[in-house]
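Visitor: The structure that follows is given in the form of structure tokens.
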Amino acid sequence: MDEQQSNRRVSKFAQAAQAKLCAASNREYAAAVAKSDPDAAYRWSAKAHDQEQEAASVSLLVEMPTLGIGGDLVPPEAVIGSYAAGLLKSGNVTALHTEAACERIRLAQDTQSFELGADAAEAVKARDSIEQWLIYQAAAFHKHAMQYLARAGDEANTIERCRLANTAARLAGVSQEAILTLQRKRTGGKQTVLVQHVSVNEGAQAVIGSVQTGGKIGKAGGKGRK
């Protein structure tokens, strides 16, 4: 199956899936208004019928697709091929992880950042595929940021040197954002703010800063009498 033919089939599948979903929604609405507005119910039922006919005419979707690994819809084999469909249906998570790891490594090698990414993933003990994506992305952007910095250092033209340095800064920022995203994923986006309270009794005062007493410096937050 060539790529163009595959794309056409995917497009038809998506069209049929959308028509079937809309039909189900319209039939549900028609049932809800059947007593209060029979005419509207009839119109929505007729529209749902037309959408079901549209889905049937595509002849790729006999029934709603099932859910496979990761909650993905499993399209018919005619759309994505028997191997991919079988992998999603099988429930063999190990096989899927293996395929994903191979693809992740290939993409990292294409950006010449596999070693950096693998080292960083080991350093932070990446827990799942999403964390590995983020780490490999951070490594790739970091590598290219450093390359642009190196080029900026060798550039004699001031304008070009600034352009290269700015590009490096943007790439470094994306790399750091990926790391921060990893941190937010692990912490749930929560921030811990430490608030310290100082109680001051009547007739006393709180002193902020260093306090000179008897030749020694006391800690901030001490109490002294008036």
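Visitor: Output the number of residues of segment 82-117 satisfying the condition of being modelled with pLDDT of 65 or more and outside any helix (DSSP H, G or I).
Guide: Number of matching residues: 3.
Visitor: If you don't mind, another one. Residues in segment 126-141 that are of a type in the set (Lys, Arg) and either surrounded by 23 or more Cβ atoms within 10 Å (Cβ to Cβ) or over 13 Å from Gln183 (Cα atoms) (or both): how many?
Guide: 0
Visitor: So, in segment 94-125, of the ones that are surrounded by 13 or more Cβ atoms within 10 Å (Cβ to Cβ) and β-branched (Val, Ile, Thr), which residue ends up farthest from Thr187 (Cα to Cα)?
Guide: So the residue we want is Thr111.
Visitor: Out of Leu164, Leu149, I need the residue that is in a helix (DSSP H, G or I), more than 24 Å from Ala118 (Cβ to Cβ) and modelled with pLDDT of 90 or more. Which one?
Guide: Going through Leu164, Leu149 in turn, the sole match is Leu164.
The values are calculated or read from the model by the stated rules, or taken from the named source; none is laboratory data. All of these numbers come straight from a predicted model, not from anything done at the bench. Neighbour counts are summed over all protein chains in view; Cβ atoms, including those assigned to glycine, are modelled from backbone coordinates with ideal geometry.
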